[in-house]
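K.L.:
Let me begin by handing over the structure; questions about it come next.
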Amino acid sequence: MKILVTGYKGFIGQNMCNYLVGQGHDVEGWDYVENCVPDPSGYDWVIHLGAISSTTYTDVDQIMEQNFEYSMKILQVCENYGTNFQYASSASVYGPTTHFTEDGPLLPQSPYAWSKYLFDRFVNQHKDDFNVIVQGFRYFNVYGSHEGEKGDQASPYTKFRIQAQQDNVINVFEDSEHYKRDFVCVEDICKVHEKMLTVDASNIYNVGTGNPESFDTVAQTIAKKYNAAINYIPIPDNVKNQYQEYTCANLDKLNSVIDMEWINIKDYINDH
């Protein structure tokens, strides 16, 4: 298939392009340009990954423009040219809820989460009206290769690994044994997108393992591998109010259309 990937220079975008090329697809990349959307004519799919991905970014107008409004424009041109559309959503839309089912109530807590929620909401309201296939994927806590440029927004896996290698000490938030997240490998994200290219269904799907691990477990596994110490620190004020204590993808909807064998983060740590 011929596929256009937006945000191709980013963490997930780099992995996505490499994976799809390896699967034999014809792939091109697109980077964000203000007031300019890509031409999707001639492509089978657009995979829209480009966005401001920082959950602590506070410029609401910019986030709404680049995440919500820009996504709406790309979806509209895909609809006009008959190009199928996949896009990245986020489990941050669930906020402090505990159900994690795609059709349940949502409580976004940050501008980033709100931008994803609003686009999901539009897709849900119109998924039966589109002339093309529209698939949204609510990523849970993604980790893996090409994550270095994310800096402070990198996954705990990458932060902990870098700290262990460089400082021989991993800084972990206090009470981290009680904070559990559904850590999903970027390799599995790419596999889900590729498998779904042949699924003739418009919907929004959770993408996680359904098997959460605590931050402390991840830190302890990395510390053991690199013989590093662990230092427990308070949660910073700028993330405390929007900090999710628990995430676990309900995979019923995704499992109804594709089969996946998920990578466990502890196995990934020990194998890489």
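The values are calculated or read from the model by the stated rules, or taken from the named source; none is laboratory data. These numbers come from a predicted model, not from an experiment. Methodologically, a virtual Cβ is constructed for each residue, glycine included, from the backbone with ideal geometry; neighbour enumeration extends over all protein chains shown. These accessible areas exclude ligands, DNA and RNA; they are computed on the full protein's heavy atoms, side chains included. Shrake-Rupley method; radii C 1.70, N 1.55, O 1.52, S 1.80 Å.
K.L.:
Taking the residues in the stretch 42-86 that are polar (S, T, N, Q) and modelled with pLDDT under 95 as candidates, determine which candidate is most open to solvent (accessible area, probe 1.4 Å).
P.N.:
Thr58
K.L.:
Also, quick follow-up: I'd like to check which strands (runs of 3 or more DSSP E) are fully inside the stretch 180-272 and have at least 3 residues that are in contact (Cβ under 8 Å) with a residue 40 or more places away in the chain and under 19 Å from Ala154 (Cα atoms).
P.N.:
Because the criterion is at least 3 residues that are in contact (Cβ under 8 Å) with a residue 40 or more places away in the chain and under 19 Å from Ala154 (Cα atoms), the strands (runs of 3 or more DSSP E) in the stretch 180-272 that meet it are 183-185, 229-233.
K.L.:
Do you know which of the residues in the stretch 106-121 that are in a helix (DSSP H, G or I) and open to solvent by less than 30 Å² (accessible area, probe 1.4 Å) is farthest from Ile63 (Cα to Cα)?
P.N.:
My answer is Asp120.
Residue-by-condition table, conditions (1) under 13 Å from Tyr112 (Cα atoms); (2) assigned to a loop (DSSP other than H, G, I, E, B):
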{"position": "Asp39", "(1), (2)": "no, yes"}
{"position": "Ile47", "(1), (2)": "no, no"}
{"position": "Ala51", "(1), (2)": "yes, yes"}
{"position": "Thr58", "(1), (2)": "yes, yes"}
{"position": "Met72", "(1), (2)": "no, no"}
{"position": "Gln76", "(1), (2)": "no, no"}
{"position": "Glu79", "(1), (2)": "no, no"}
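K.L.:
While we're looking at this one, here's another question. Among the numbered criteria (1) surrounded by 20 or more Cβ atoms within 10 Å (Cβ to Cβ); (2) in a helix (DSSP H, G or I); (3) among the hydroxyl-bearing types (Ser, Thr, Tyr), which single criterion is violated by Tyr19?
P.N.:
(1)
K.L.:
A further question follows. Need the failing condition index for Asp103 against (1) surrounded by fewer than 22 Cβ atoms within 10 Å (Cβ to Cβ); (2) of a type in the set (Asp, Glu); (3) modelled with pLDDT of 95 or more; (4) within 23 Å of Ala249 (Cα to Cα), just the number.
P.N.:
Failing condition for Asp103: (3).
Table: residues versus (1) closer than 16 Å to Asn255 by Cα; (2) loosely packed, with under 14 Cβ neighbours inside 10 Å; (3) touching a Leu at 6+ places or on another chain (Cβ under 6 Å); (4) of a type in the set (Gly, Ala, Ser).
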{"residue": "Glu174", "(1), (2), (3), (4)": "no, yes, no, no"}
{"residue": "Asp188", "(1), (2), (3), (4)": "yes, no, no, no"}
{"residue": "Met196", "(1), (2), (3), (4)": "yes, no, no, no"}
{"residue": "Asp200", "(1), (2), (3), (4)": "yes, yes, no, no"}
{"residue": "Asn203", "(1), (2), (3), (4)": "yes, no, no, no"}
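K.L.:
Also, I was wondering about something else. What's the number of the only condition in (1) in contact with an Asp or Glu (Cβ under 8 Å, 6 or more places away or on another chain); (2) surrounded by fewer than 17 Cβ atoms within 10 Å (Cβ to Cβ); (3) not in a loop (DSSP other than H, G, I, E, B) that Pro96 fails to meet?
P.N.:
Here Pro96 meets the rest and fails (3).
K.L.:
Assess whether Gly136 counts as being open to solvent by less than 40 Å² (accessible area, probe 1.4 Å), in contact with a Cys (Cβ under 7 Å, 6 or more places away or on another chain) and modelled with pLDDT of 90 or more.
P.N.:
no
K.L.:
Of the numbered conditions (1) open to solvent by less than 40 Å² (accessible area, probe 1.4 Å); (2) within 24 Å of Leu118 (Cα to Cα); (3) not small (Gly, Ala, Ser), Asn238 fails exactly one; give the number of that condition.
P.N.:
Asn238 satisfies all of (1) open to solvent by less than 40 Å² (accessible area, probe 1.4 Å); (2) within 24 Å of Leu118 (Cα to Cα); (3) not small (Gly, Ala, Ser) except (1).
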